[in-house]
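Trainee: After the structure tokens below, expect a handful of questions from me.
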Amino acid sequence: MTDKHYTDLDAVIVGAGFGGMYQLICLRDRLGLSVKVLEAADGVGGTWYWNRYPGARCDSESHAYWLTFDADLMKGWEWTERYPEQPEILRYLNYVADRYDLRRNIQFNTRVTAATYDEAANRWHVRTAAGETFTAQYLITAVGCLSTANVPKIPGLDRFKGAWYHTGQWPHEGVDFTGKRVGMIGTGSTGIQAAPVIAQTAAHLTVFQRTANYSVPARNVPLTDEFKQWIKDNADQIRFLTRDTPNGQAFRVSPQKAVDTPAAEREAIYEAAWERGGLQFRAAFQDLLSSKEANDTAADFIRRKVRQIVKNPDTAALLSDFDHPYAAKRPPIDTDYFETFNRPNVTLVDVKAAPIEAITPDGIRTANGEYKLDIIVFATGFDAMTGPLLGLNIQGRDGVSLRDAWKDGPINYLGLQVTGFPNLFTITGPGSPSVLTNMPVAIEQHADWISDCITYMRAKGLDRIEATPEAMTRWVAQVNEAGNATLLPMAKHSWYLGANIPGKPRVFMPYAGGMTRYRQICEAIAANGYEGFALTAADAAADAAADTRQPTAA
């Protein structure tokens, strides 16, 4: 196929989810740049386009899980539930695309296969599976943190006679479990959402659990007309609150410490938080992620709740055999997850005690025997944070690949840039708060920062920006310091560490210092002339004699 070259672009954005869509609005509508968004799917939505598994819904409350840059946009949309399901979130993202006429700058059904930096021309060459090549000054990745499905390499999968699915690549037409023997591998947040729904129609559901996971009831309900009106009337307040809290949510963490609270009072607070439901449970006390003693009180409360709910004591013991602090891994919320194990058609299998040995033509074989199955569901998560970026086959200066640059872990500056890859920006990349926060808030902050940076460069006659090695080293140390100040690294099998992917470097990837602190750091760096970045004047090589065209290090 003959290559088609597009050399007139200022920026190429990869991905048309929350991040790519908002970055397009910033660059096209505010800065007037020529921009093309490349999207592998046939529609917008990003993770909410692909993740259509049973029970898929957001774990942030709906009035906080959206774009807040435009109050009229907030007032023009109405959510229907406290925690919106995937179809509703996808409708919202299509609403945004329609409202801002975004599709005219998005090329769908276009998978990026490589991106190479041309230093002489200061251009990124972005190649697609169809043989097209786009060139642009700026390459911005908006591929999401959880978009590269992790299907574990279990021997025999290719010989399985039934059907198998990964929750992150769910068929758009859905899956009919009626009368089927279903096996589900994985009990993270996805498995916790999917199991109750699958169990409703399956003849039998067998859940294969390696690691017991905490979960708190979501208490999902339809939104009342009064609350919908409250959202419209308080759009500015909601926007302020999500930007003023460490986790980007529309609620504040209590200043009270669990370790300083009398046992009876602490129990009452936990009970009220359990009844309220959702992620606000972890906001009941401010020391839950900084003190193991405090965290133990939350873990004990949830453990007792599980044993109260689940009638079979052996099953309850397995489901509450937590080996990590509460919220040290992604803290799921659920609708009747633990209650599902009281159903006569649901079985829990402990694969830590009896590991899966192989997938057979008829099911799954563990060390204790074979389980006959018609369908296998892999709720096994993603090659998180780095996987989507490495899948783009990015090559920077001198042909160095991002994969090689990150062979020992994802070193970067602010989660936004990597030395050796000029003018490449990574929205919610590793090293930023991203998955530890309410994602749309983190996305808006990054897209705004990138847009302001490009505006600054254009005003100063600069055309190249690149993180310095020293800045990267300092930032990685800050990320490690922030992580080590919490209990998060204590979950040794967490995907925050890349532990769910064999051979992946064990590095704590997100910045755990909170969205508020991170925003302040980014603002200070920008105010100080983009400290830690090397900025180069346009046509510096040709105009080396002109002082204003000389390379400058911020």
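Trainee: Collect residues whose amide H, placed 1.01 Å from N in the peptide plane, falls under 5 Å from the amide H of GLU81; neighbours closer than 5 in sequence don't count.
Mentor: So GLU81 has HN proximity to LEU223.
Trainee: Which of the following values of Cα extents along the principal axes in Å was calculated from the structure shown: [x] 76, 50, 43; [y] 71, 59, 42; [z] 80, 57, 45?
Mentor: Working out Cα extents along the principal axes in Å from the coordinates points to [z].
Trainee: Using a Förster distance of 35 Å, how high is the FRET efficiency between ARG30 and ARG91, based on the Cβ-Cβ distance and rounded to 0.05? Before the final figure, lay out the partial values.
Mentor: Numbers: r = 26 Å, r/R0 = 0.73.
It comes to 0.85.
Trainee: What is the Cα centroid distance between segment 206-262 and segment 269-325, reported in whole angstrom?
Mentor: Computed from Cα coordinates, the inter-centre distance equals 16 Å.
Trainee: Check cross-link reach from LYS460 to the aspartates and glutamates: straight Cα distance under 19 Å, and skip same-chain residues fewer than eight apart.
Mentor: ASP10, ASP448, ASP452, GLU523, GLU531, ASP539, ASP543, ASP547
Trainee: So what is the relative contact order for segment 1-116, in percent, with contacts set as C-alpha pairs under 8 Å and at least six apart? Could the numbers behind the result be given before it?
Mentor: On the way: 141 pairs, mean separation 37.7, N = 116.
Averaging sequence separation for qualifying contacts and normalising by length gives 32 percent for segment 1-116.
Trainee: Taking R0 as 35 Å, what FRET efficiency do you get between ASP70 and GLU481 from their Cβ-Cβ distance, rounded to the nearest 0.05?
Mentor: Details: r = 36 Å, r/R0 = 1.03.
Plugging the Cβ-Cβ distance into 1/(1 + (r/R0)^6) gives 0.45.
Trainee: Reachable aspartates and glutamates from LYS352, Cα under 18 Å, same-chain residues fewer than 8 places away excluded?
Mentor: Within the straight-line cut-off, LYS352 pairs with ASP314, ASP321, ASP323, GLU370.
Trainee: Follow-up question, since we're still on this one. Which Cα, out of VAL349, PHE285, THR187, lies furthest along the positive dipole direction of the chain (beta carbon charges, K/R +1, D/E -1)?
Mentor: Of the candidates, VAL349 comes out farthest on the positive side.
Trainee: While we're on this one: Can you give the charge dipole size of segment 131-239 about its Cα centre, rounded to the nearest 20 debye, using +1 on the beta carbon of Lys and Arg and -1 on the beta carbon of Asp and Glu?
Mentor: Numbers: 10 positive and 8 negative charges, 117 e Å.
For this selection, approximately 560 debye.
Trainee: Let me ask you something else. On the accessible surface of the chain, probed at 1.4 Å, how many percent belong to carbon and sulfur atoms?
Mentor: Numbers: 10950 of 22170 Å².
On the chain, the fraction of accessible area on carbon and sulfur atoms equals 49 percent.
Trainee: May I pose another question? Among THR261, TYR138, THR297, which residue has its Cα positioned farthest towards the positive end of the charge dipole of the chain, with +1 placed on the Cβ of Lys and Arg, -1 on the Cβ of Asp and Glu, and the dipole taken about the Cα centre?
Mentor: THR297
Trainee: Okay, moving on. Name the lysines eligible as straight-distance cross-link partners of LYS292: C-alpha to C-alpha under 22 Å, and not fewer than 8 places from it in the same chain.
Mentor: Within the straight-line cut-off, LYS292 pairs with LYS257, LYS305, LYS329, LYS492.
Trainee: Skip the ligands, DNA and RNA, and give the accessible area per residue of segment 1-132 with a 1.4 Å probe, whole Å². Each step should come with its number before you reach the end.
Mentor: Working: 4940 Å² over 132 residues.
Accessible area per residue, segment 1-132: 37 Å².
Trainee: Based on the mean of other beta carbon atoms within 10 Å per residue, what is the order of 246-255, 362-371, most packed first? Please list the in-between numbers first.
Mentor: On the way: 246-255: 18.6, 362-371: 16.3.
So the peptides 246-255, 362-371, ranked by packing, come out 246-255, 362-371.
Trainee: OK, next. Among PHE227, LEU389, ALA97, flag the residue with its Cα farthest along the positive direction of the charge dipole of the chain, charges on Cβ as +1 for Lys/Arg and -1 for Asp/Glu.
Mentor: Farthest towards the positive pole: LEU389.
Trainee: Quick check for me: using +1 on Lys/Arg Cβ and -1 on Asp/Glu Cβ, what's the dipole size of segment 350-447 about its Cα centre, in debye to the nearest 20?
Mentor: Taking the Cα centre of segment 350-447 as origin, the dipole is about 220 debye.
Trainee: Per residue, how large is the accessible surface of segment 150-210? Use a 1.4 angstrom probe and give square angstrom.
Mentor: Details: 2720 Å² over 61 residues.
Ligands and nucleic acids excluded, the figure is 45 Å² per residue.
Trainee: Given charges of +1 on the Cβ of Lys and Arg and -1 on the Cβ of Asp and Glu, with all other atoms neutral, how large is the dipole of the chain about its Cα centre, in debye to the nearest 20? Spell out each step's value before the answer.
Mentor: Working: 56 positive and 63 negative charges, 199 e Å.
With Lys and Arg at +1 and Asp and Glu at -1, about 960 debye.
Trainee: Let me ask you something else. Can you order the peptides 475-481, 444-450 by their average number of other Cβ atoms within 10 Å per residue, highest first?
Mentor: Working: 475-481: 17.0, 444-450: 23.0.
Top to bottom by mean Cβ count within 10 Å: 444-450, 475-481.
The values are calculated or read from the model by the stated rules, or taken from the named source; none is laboratory data. Predicted model, so just to flag it, every value in this text is computed and none were measured. Glycine gets a Cβ as well: all are built from the backbone with ideal geometry, and neighbour counts include every protein chain shown. Please note that ligands, DNA and RNA were not included when accessible areas were found on the heavy atoms of the full protein model with its side chains. Shrake-Rupley method; radii C 1.70, N 1.55, O 1.52, S 1.80 Å.
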